[in-house]
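Peer 1: The following block contains the structure, expressed as C-alpha cells.
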Protein chains: 2
Amino acid sequence: MLPFDIVEYQERLEKTKRRMEAKGVEVLLLTDPANINYLSGYDAWSFYVHQALVVIIDEPQPIWIGRHQDASGARSKTWIYDENIIDYPDYYVQSETYHPMAFMGEILKQIGHGNRTVGVEMDHYYFSAKAYQRLIQSLPDATFKDASLLVNEIRLIKSDQEIEYMKRAAIIAEKAMSEGVKTIRPDVRECDTAANIYYHIASGTPEYGGDYPAIVPLLPSGENTSTPHLTWSERTFQEGDSVIIELAGCYKRYHVPLARTVSVGQPTDMLQQIAPFVIEGMNEVFDAVKPGMTCGEVEEVWRNKMKKRGVEKEARLGYSVGLNYPPDWGEHTASLRAGDSTILQPNMTFHFIPALWYANYGIEISETFRVTEEGCESFTTYPRELIINDPFQIDADGKIS
Amino acid sequence: MLPFDIVEYQERLEKTKRRMEAKGVEVLLLTDPANINYLSGYDAWSFYVHQALVVIIDEPQPIWIGRHQDASGARSKTWIYDENIIDYPDYYVQSETYHPMAFMGEILKQIGHGNRTVGVEMDHYYFSAKAYQRLIQSLPDATFKDASLLVNEIRLIKSDQEIEYMKRAAIIAEKAMSEGVKTIRPDVRECDTAANIYYHIASGTPEYGGDYPAIVPLLPSGENTSTPHLTWSERTFQEGDSVIIELAGCYKRYHVPLARTVSVGQPTDMLQQIAPFVIEGMNEVFDAVKPGMTCGEVEEVWRNKMKKRGVEKEARLGYSVGLNYPPDWGEHTASLRAGDSTILQPNMTFHFIPALWYANYGIEISETFRVTEEGCESFTTYPRELIINDPFQIDADGKIS
C-alpha cells in the first residue's frame, strides 16, 4: 500500500537523524504534513487539526500523534508499528480548554523525553503560535530549537522513485493544461474551464489516477491577469482577453506545476511584444542550468538576458517543488533568486516561473525541471509559447480548431 | 465586484470594533483568510505567504499588508482605499533572514501604533510560532492579547445575503453529490468519481458558478471507510464495498457540506443495521433544534436517542460552517458536542455530521442546517438515506438505473 519501499523510508529517517545530531536536536516534532508523509507514508486530510510525527534520535521508529478518528488511517497507511500510533480524544479538537500540544507534551514526558532538546518547525502553517506556547508549557524541562526545514532540506534531492512519480504528475499536468486550454473561448465562464482542468487533474490517465494539488488551478482572465493568485470566478472570457492558467499535476502528493498564458483571439500588442522575451529567457535558463551552479546564478542568467530587453522582475523566479499539501506546493527551501547559495545537484526539481505582472495585464509561462547529471530537463513537452485561441476559428460543435 | 454591499462590510467592522473594545484590543492583526475576507472582501490564494488585515480601533478603514505581487488583488478586490494597501518586497518570502511579520511590526510603529494592545489569532494556521516571535520582537512596546475567534464569533450568525450564498452552495452540493453517486459502480476508480464530483463543484450551475471548497471531496471506499479523512486514490470500487462521499458545495467562499454513504451492491448486514439508526437520530435532531437551545443540548438529543440503540459516538456531531479557506470549512467556534454552551440563534448554520467509524467500516450521512425563527431547516433536500447502487442493474451504456 505504501508508495515507497520501506527501505526508502528508513533511509529518509536515517538522514533525518544525522541532521538532528548535527543540529543538536534529540526529539524532532514534525507538523508539516509533507514531512510527516515523507518519513512515515501518512497521507490524509487531517492536518486541519493538530497532529505530529515525532522522531526520537535513539528510537528506531517515529511516533504518530493525532486525533482519535484519524489513528486508524495512521495504522493502515504508514510503516509505523501500531504501538507508536497515539491518539488524543475528540474533546481536544478546537477547544478553548484543551490543546493537543499539551497532550503531546504529556506523552513525551511519560515516555521519558521531557528533558531533551526538542526541535520544532517554527514557521510552518500547522504549528501555530499557541501550539508552541502549549507545548513549551507542558514541557518545562525541555530545550527548544527551531528545526524549520530540517527535513525539507533532505527533500531537495529526489530519489528515482520520486522522479518517476513526478513524471506521472507531469503527464497529468500536460493533459489538464491541454483540456483546459481547449475550453477557452468567448462567453465561457472561468469556473467551467477550471472544472475541466480539475476533472483531468483528479482523473489523471487510465494508467495513473491523479491526486489533488496543494493549490487549486489559478485562472485569472482579462485585467485580473495583473494579479497572480486570484482563483476562478464566474467571469466569462471576452475576445481580446488573456487568460493565465497555473496548475499542477499531482501523483501520490508529488507535484509538477505548469503555467501558460492563453489569448482569446489576437493578443494585445503588449502581450505580443513581451511573450517572446519570456520564452527566450526561459530557453536561455534551460540551456544554462547544470549541477554546481547556485540558485542565485540561475537567476542571474535570466536577469542578464532580460536586462537587454528592458524587462525587470521583482519576485523570485522559482522554487524547489515536489511532495506537498495545501496551502503550498513549494518546498520552502531553495528559491531561484539573487543571493540564494543553494548549489544545484542532480535530481533537484524546481518550478521555474518567470512571471511578469503589470498594471492591467500579466504573463505566466512556467515549467518544472529536474537537474540532471549534465544539465537540466523539463518534465513537460507542452509547447513553450503564448497560446492563441482564435475565436474566429470555432467549428460547428464549438471546438476551437 | 464585491460579493456584499459596502454597508454590510462596515457593519461587520463595527461589530469587530465593539468586540475589540470589550476585550481591550486596540489593534487587531487578523491572519485567518476567512476573517480577512469577511471584513475586507479580499479573496485570493495568497495565504501561503504571511499576510494580515489590521483593524485599528480608532481608524475608519482596515489596513491590508501582504506580498507585493498580491497587492493589486487587494486594491481591486476589496473596499479598502489604495493607501491602506501596504506590501512587502519579495525577498521577505520564505527567507531565513527577513520575516514579513517584522515588516508588519515596523509599519505599525511607523504609523504610531507600536505601543498599543495588539490582538492576534494565536491558534490559526496562518499565524505560525515564528510569526508571533518576529512580531513581538519588532514591537517591544506593544502588549499582546490572544484575539482568537474574535471575528469568527461574529461570523456565527449569518446575514440574509450570506444565507442566500449558502443556498446556492447547497444546490451545487446536491448536484455534485448526485453526479458523483451516479459514477459509483464496480471497477470504477475513486479518482474518477472524485473528478466528476469536483467538476460539478467548480462548474456549479448555469446560474451560479462554483468555487473551490476548503476541503477536497473525501472519498474512502471499502475498509478505508473506517477512517474519516482519507482522500481519493486509484483504488477501484468492488461489489460489496461501501463508499463515503463527504463534499461541500461552495459559492463565493460559503460552504454547504453534505455527506452520504453509498453501497456498491447490497449493503452488508452491519451497514443495513446501523443506517436506519443514524437516519432516525438525524430526523430526531432536525425536529428538535430550535433557537434558545445550546449546542450541548443538541448533542444530548442525539446521544439519548442513540443510547437506546446501543450506539455511541466519541467525536463531536458537528460545527458551525460558512465562509472559509483551506484547510478547513469549519469555523472553529461552536461545536455540537457535550458541554458546548453556545445558544442557538436564527441564521446560525451547522454541518451536522453524526458519522460513525468502526474497525473496518464506517457510515457518514450528514447535512448542513440553518437555525430558523422556530426550528431549523436543512439546506439540502437530497434523500436522507443509505444509497444502494446495485451493480446488477446497470443498463447498456453503463449507467446504474
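The values are calculated or read from the model by the stated rules, or taken from the named source; none is laboratory data. None of these values were measured; they are calculated from a predicted model. Reconstructed Cβ throughout: ideal geometry from the backbone, glycine too, with neighbour counts over all protein chains shown.
Peer 1: Please go through the range A:296-326 and give me each residue that is assigned to a loop (DSSP other than H, G, I, E, B) and more than 20 Å from A:Leu39 (Cα to Cα), ordered by number. Please lay out each step first, then the result.
Peer 2: Let us first name the residues in the range A:296-326 that are assigned to a loop (DSSP other than H, G, I, E, B), namely A:310-317, A:322, A:324-326.
Listed by number, the residues that qualify are A:Gly310, A:Val311, A:Glu312, A:Lys313, A:Glu314, A:Ala315, A:Arg316, A:Leu317.
Peer 1: For A:Ser378, state whether it is in contact with a Phe, Trp or Tyr (Cβ under 6 Å, 6 or more places away or on another chain) and within 21 Å of A:Ile245 (Cβ to Cβ).
Peer 2: Details: in contact with a Phe, Trp or Tyr (Cβ under 6 Å, 6 or more places away or on another chain): yes; within 21 Å of A:Ile245 (Cβ to Cβ): yes.
In short, yes.
Peer 1: Conditions: (1) surrounded by 20 or more Cβ atoms within 10 Å (Cβ to Cβ); (2) at pLDDT below 95; (3) of a type outside the set (Val, Ile, Thr). B:Asp192 meets all but one. Number of the miss?
Peer 2: Failed condition: (2).
Peer 1: Condition check: among the hydroxyl-bearing types (Ser, Thr, Tyr), without any contact (Cβ under 8 Å) to a residue 60 or more places away in the chain, at the interface with chain A (Cβ under 10 Å from one of its Cβ atoms) and surrounded by fewer than 23 Cβ atoms within 10 Å (Cβ to Cβ). Does B:Thr231 satisfy that?
Peer 2: yes
Peer 1: Any idea which of A:Pro60, A:Pro3 is within 15 Å of A:Arg253 (Cβ to Cβ) and either out of contact with any Leu (no Cβ under 7 Å at 6 or more places or on another chain) or part of a helix (DSSP H, G or I) (or both)?
Peer 2: Values: A:Pro60 fails: within 15 Å of A:Arg253 (Cβ to Cβ).
Going through A:Pro60, A:Pro3 in turn, just one is within 15 Å of A:Arg253 (Cβ to Cβ) and either out of contact with any Leu (no Cβ under 7 Å at 6 or more places or on another chain) or part of a helix (DSSP H, G or I) (or both): A:Pro3.
Peer 1: Restricting attention to the range B:100-130, and to residues there that are in a loop (DSSP other than H, G, I, E, B) and more than 8 Å from chain A (Cβ to nearest Cβ), which single residue is nearest to the chain's Cα centre (by Cα)?
Peer 2: Our first condition is that a residue be in a loop (DSSP other than H, G, I, E, B); within the range B:100-130, this holds for B:111-116, B:121-127.
Those still in the list that are more than 8 Å from chain A (Cβ to nearest Cβ) too: B:111-116, B:121.
Numbers: B:Ile111: 35, B:Gly112: 36, B:His113: 33, B:Gly114: 34, B:Asn115: 35, B:Arg116: 32, B:Glu121: 17 Å.
Looking at the filtered set, the residue picked out is B:Glu121.
Peer 1: In the range A:335-351, what residues are under 21 Å from A:His229 (Cα atoms) and not in a loop (DSSP other than H, G, I, E, B)?
Peer 2: As a first pass, look at the range A:335-351 and keep what is under 21 Å from A:His229 (Cα atoms): A:335-337, A:350-351.
Across the range A:335-351, the qualifying residues are A:Ser335, A:Phe350, A:His351.
Peer 1: Given A:Glu96, A:Glu106, which one is modelled with pLDDT of 95 or more and out of contact with any strand residue (DSSP E or B) (no Cβ under 9 Å at 6 or more places or on another chain)?
Peer 2: Numbers: A:Glu96 fails: modelled with pLDDT of 95 or more.
Among A:Glu96, A:Glu106, only A:Glu106 is modelled with pLDDT of 95 or more and out of contact with any strand residue (DSSP E or B) (no Cβ under 9 Å at 6 or more places or on another chain).
Peer 1: Sticking with this structure for a sec: Restricting attention to the range B:100-118, and to residues there that are farther than 19 Å from B:Ile86 by Cα and of a type in the set (S, T, N, Q), which single residue is surrounded by the most Cβ atoms within 10 Å (Cβ to Cβ)?
Peer 2: The first filter runs over the range B:100-118 and keeps only residues farther than 19 Å from B:Ile86 by Cα, leaving B:115-117.
After this cut, where a residue has to be of a type in the set (S, T, N, Q) as well, the list is B:115, B:117.
Working: B:Asn115: 14, B:Thr117: 18.
The extreme case among them is B:Thr117.
Peer 1: Would you point out which residue out of A:Leu39, A:Leu29 is more than 14 Å from chain B (Cβ to nearest Cβ) and among the aliphatic types (A, V, I, L, M)? Full working, then the answer.
Peer 2: Numbers: A:Leu29 fails: more than 14 Å from chain B (Cβ to nearest Cβ).
The match here is A:Leu39.
Peer 1: May I ask you to list the residues in the range A:234-253 that are within 11 Å of another protein chain (Cβ to nearest Cβ) and at positive phi?
Peer 2: Let us first name the residues in the range A:234-253 that are within 11 Å of another protein chain (Cβ to nearest Cβ), namely A:234-236, A:246, A:250-253.
A:Lys252, A:Arg253 - these are the residues of the range A:234-253 that are within 11 Å of another protein chain (Cβ to nearest Cβ) and at positive phi.
Peer 1: Give the residues of the range A:28-52 that are assigned to a loop (DSSP other than H, G, I, E, B) and in contact with a Lys or Arg (Cβ under 9 Å, 6 or more places away or on another chain), sorted by residue number. Can you show your working first?
Peer 2: Taking the range A:28-52 as the starting set, the residues that turn out to be assigned to a loop (DSSP other than H, G, I, E, B) are A:31-32, A:41-51.
A:Gly41, A:Tyr42, A:Asp43, A:Ala44, A:Ser46, A:Val49, A:His50, A:Gln51 - these are the residues of the range A:28-52 that are assigned to a loop (DSSP other than H, G, I, E, B) and in contact with a Lys or Arg (Cβ under 9 Å, 6 or more places away or on another chain).
Peer 1: Scan the range B:306-324 and tell me whether some residue there is more than 14 Å from chain A (Cβ to nearest Cβ) and closer than 30 Å to B:Tyr126 by Cβ. Walk me through it before giving the result.
Peer 2: Of the range B:306-324, the ones more than 14 Å from chain A (Cβ to nearest Cβ) are B:306-311, B:322-323.
Going one step further and asking which of them are closer than 30 Å to B:Tyr126 by Cβ, we end up with B:322-323.
Checking the range B:306-324: at least one residue is more than 14 Å from chain A (Cβ to nearest Cβ) and closer than 30 Å to B:Tyr126 by Cβ.
Peer 1: Restricting to the range A:196-209, what's the tally of residues that are within 7 Å of chain B (Cβ to nearest Cβ) and over 18 Å from B:Ser203 (Cβ atoms)?
Peer 2: So the answer is 2.
Peer 1: Just to verify a result, which residue in the range B:181-195, among those that are of a type in the set (Asp, Glu) and part of a helix (DSSP H, G or I), is nearest to the other protein chains (Cβ to nearest Cβ)? Let's see the steps before the verdict.
Peer 2: Pass one, the range B:181-195, residues of a type in the set (Asp, Glu): B:187, B:190, B:192.
Within this subset, residues satisfying the condition of being part of a helix (DSSP H, G or I) are B:190, B:192.
Numbers: B:Glu190: 7, B:Asp192: 5 Å.
Among those residues, the one meeting the criterion is B:Asp192.
Conditions (1) within 23 Å of A:Pro33 (Cβ to Cβ); (2) at pLDDT 95 or above; (3) more than 9 Å from chain A (Cβ to nearest Cβ); (4) in a loop (DSSP other than H, G, I, E, B), marked per residue:
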| residue | (1), (2), (3), (4) |
| --- | --- |
| B:Ile163 | no, yes, yes, no |
| B:Glu179 | no, yes, yes, no |
| B:Asp211 | no, yes, no, yes |
| B:Glu223 | yes, no, no, no |
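Peer 1: Given the criterion buried (at least 23 other Cβ atoms within 10 Å of the Cβ), assigned to a loop (DSSP other than H, G, I, E, B) and touching a strand residue (DSSP E or B) at 6+ places or on another chain (Cβ under 7 Å), identify the matching residue among A:Val55, A:Val25.
Peer 2: Working: A:Val55 fails: assigned to a loop (DSSP other than H, G, I, E, B).
Only one candidate qualifies: A:Val25.
Peer 1: State all residues of the range A:119-137 that are surrounded by fewer than 24 Cβ atoms within 10 Å (Cβ to Cβ) and closer than 16 Å to A:His99 by Cβ; if no residue qualifies, say none.
Peer 2: Across the range A:119-137, the qualifying residues are A:Tyr126, A:Lys130, A:Tyr132, A:Gln133, A:Arg134, A:Ile136, A:Gln137.
Peer 1: Taking the range A:224-241, which residues are out of contact with any helix residue (DSSP H, G or I) (no Cβ under 7 Å at 6 or more places or on another chain) and under 23 Å from B:Tyr208 (Cβ atoms)? Outline the logic, then answer.
Peer 2: Initial filter on the range A:224-241 (out of contact with any helix residue (DSSP H, G or I) (no Cβ under 7 Å at 6 or more places or on another chain)): A:224-225, A:231, A:236-237, A:240.
Correct list: A:Asn224, A:Thr231, A:Thr236, A:Phe237.
Peer 1: Exactly one of (1) more than 16 Å from the chain's Cα centre (by Cα); (2) buried (at least 24 other Cβ atoms within 10 Å of the Cβ) is unmet by A:Ile201. Its number?
Peer 2: Going through the list (1) more than 16 Å from the chain's Cα centre (by Cα); (2) buried (at least 24 other Cβ atoms within 10 Å of the Cβ), A:Ile201 breaks only (1).
Peer 1: So is B:Ile85 among the hydrophobic types (A, V, I, L, M, F, W, C), surrounded by 18 or more Cβ atoms within 10 Å (Cβ to Cβ) and within 13 Å of chain A (Cβ to nearest Cβ) or not? I'd like the intermediate steps shown before the answer.
Peer 2: On the way: among the hydrophobic types (A, V, I, L, M, F, W, C): yes; surrounded by 18 or more Cβ atoms within 10 Å (Cβ to Cβ): yes; within 13 Å of chain A (Cβ to nearest Cβ): yes.
So B:Ile85 fits the description; yes.
Peer 1: Another one. Name every residue in the range B:85-127 that is small (Gly, Ala, Ser) and under 30 Å from A:Gly339 (Cβ atoms), in order of residue number. Spell out how you get there, then give the answer.
Peer 2: Looking only at the range B:85-127, we keep the residues that are small (Gly, Ala, Ser), and these are B:95, B:102, B:105, B:112, B:114, B:119.
Passing the criteria: B:Ser95, B:Ala102, B:Gly105, B:Gly114.
Peer 1: If we scan the range B:260-279, do we find a residue that is within 21 Å of the chain's Cα centre (by Cα) and either closer than 21 Å to B:Thr380 by Cβ or in a loop (DSSP other than H, G, I, E, B) (or both)?
Peer 2: Initially, the range B:260-279 is screened for residues within 21 Å of the chain's Cα centre (by Cα), giving B:260-261.
Now drop any that are not either closer than 21 Å to B:Thr380 by Cβ or in a loop (DSSP other than H, G, I, E, B) (or both), which leaves B:260-261.
Yes: one or more hits.
Peer 1: Could you list all residues from the range B:249-265 that are aliphatic (A, V, I, L, M) and over 11 Å from B:Thr368 (Cα atoms)?
Peer 2: The first filter runs over the range B:249-265 and keeps only residues aliphatic (A, V, I, L, M), leaving B:256, B:258-259, B:262, B:264.
Listed by number, the residues that qualify are B:Val262, B:Val264.
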